[in-house]
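Asks: Shown below is the structure under consideration.
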Amino acid sequence: MAELVGTFILMFSVCGVISSTQLPGGHVGLLEYAAAAGLSVVVVVYAIGHISGAHLNPSITIAFAVFGGFPWSQVPLYITAQTLGATAATLVGVLVYGVNADLMATKPAVSCVSAFFVELIATSIVVFLASAMHCGPHQNLGNLTGFVIGTVISLGVLITGPISGGSMNPARSLGPAVVAWDFEHLWVYMTAPVIGAIIGVLTYRSISLKTRPCPSPHPTSVSSLLH
């Protein structure tokens, strides 16, 4: 339930910013979109991090499970909750703001290949930092952790926005696709973030010092560092 609520908050925040571009006097650009995504992550991490780990993203959940930091038995539950949260937020956003669900969808702006690789690279950067925060010498940042993660999310949106729409999250893309019933190019956003997340964890593990073991709190998340 925590993952559903957290993903709902994240997605509804994104819907609100995107929808405001269609309202009278709405002049919202990529910077505002990135800020909304980052700030909503900060808020949700502090709110539910101690409950579910605040994954909010199927690619994060899968990456943790692949490397043994999260039980596979809970992966379907987490992904289902995240997807339902994003879908519900999109539906509510459409009803509240009176816009089409297509407006919330992520679509390649250049090509599917470009969108795929920018999503993969940006997600790997986000998860690389998350791994460093969780396992590295920065794991004692305490209450600053949420702000650091939110900042890197904003950076990722700025990187990916002009090319892919700034997703880095399969649930964020699947929710609007379900409401709009338009699954064109969805494979990009279902696969690239997952592969990127796995690469991010693998890269950190490959270059980090073996002398500092990585703790395994439950539920696994950098947000566990807040407590």
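Asks: By counting other Cβ atoms within 10 Å of each Cβ, how are R205, R172 ranked from fewest to most? Intermediate results must be reported in sequence, preceding the final value.
Replies: Numbers: R205 13, R172 30.
Fewest to most other Cβ atoms nearby, the residues stand as R205, R172.
Asks: In whole Hz and in residue order, list the ³J(HN,Hα) couplings for the range 108-122 that follow from phi through the Karplus curve 6.51 cos²θ - 1.76 cosθ + 1.60, θ = phi - 60°; x for Gly and Pro.
Replies: x, 8, 10, 7, 5, 5, 4, 5, 4, 6, 6, 5, 4, 5, 5
Asks: Rank these for me by crowding, H185, H50, going from fewest to most other beta carbons within 10 Å.
Replies: Exposure proxy ranking, most exposed first: H50, H185.
Throughout, read-outs are computed from the coordinates displayed, never taken from laboratory work. All values reported here derive from a predicted model rather than from experimental measurement. Using ideal geometry, Cβ is built from the backbone for each residue, glycine included, and neighbour counts are taken over all protein chains shown.
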